[in-house]
Amino acid sequence: MKQHRLAAAVALVGLVLAGCDSPTSEVKLETAAQKASYGIGLNMGRSLAQEGLDDLDSQAVAQGIEDAIGKKEQRLKDEELMEAFAFLQQRSEQRLQSLNEESAKAGKAFLEENGKREGVITTASGLQYEVIKKADGAQPTADDVVTVHYEGKLTDGSVFDSSIERGSPIDLPVGGVIPGWVEGLQLMHVGEKYKLYIPSELAYGEQSPTPAIPANSVLVFDLELIAIKDANAEG
């Protein structure tokens, strides 16, 4: 099944490439269809690169599409194609496994060093946090809905999500978020600001929820607990 998805992905890229007069021709991006076509190619290229297929031969892809559309005799036997797809799939999985292992090692090293810093507290689960601003408001439970402001970063400082940038805090159920947040929020008092350092096993683990968050990533959050919602309030 993975091989079929790979073949489909390659074919879609080929369709985009086949529409160009040459690899260096200037592509017009004026109409909605042209812009959407570019977007499809861009997203597909990013997906293939993420899968470790960033060295595909674009001319060979385009040739395959041209032969198929022109109903020409295919230049390789089906067995050869399946063997090639299997090779690419295996290589992609090996690359991904290697990247995941490197990310896990880097995350562990980061947390080990970070935990030595003054003011950083490490809980039994491995969650690390700093109290940036103290307050004496109420503490939420796992059953509460809270209003928070946050900014999420990777350990290299790159931001992947931020209610602060959007200028709008959000309401969320304490028990309905990643484990690192569930624990961290219940440590906080209303009015406080924390910096959370969340191990991958308390975040998304070996999954990559978005391209902006690689698998096994340690997540760093600036988190402000603004309020605990009144469960009895209307609306």
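Any read-out appearing in this document is the output of simple, stated calculations on the displayed coordinates, not a laboratory observation. Treat the numbers as computed from the prediction; the structure is a model and nothing was measured. Positions of Cβ are backbone-derived with ideal geometry, glycine not excepted, and every protein chain shown enters the neighbour counts.
Data overview
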| item | result |
| --- | --- |
| Pairs of alpha carbons in segment 107-228 whose separation is greater than 23 Å (percent) | 25 |
| Counted charge near T210, where neighbours are those whose Cβ lies closer than 14 Å (Asp, Glu -1; Lys, Arg +1) | +1 |
| Net charge over other residues, Cβ less than 14 angstrom from the Cβ of A135 (K, R count +1; D, E count -1) | 0 |
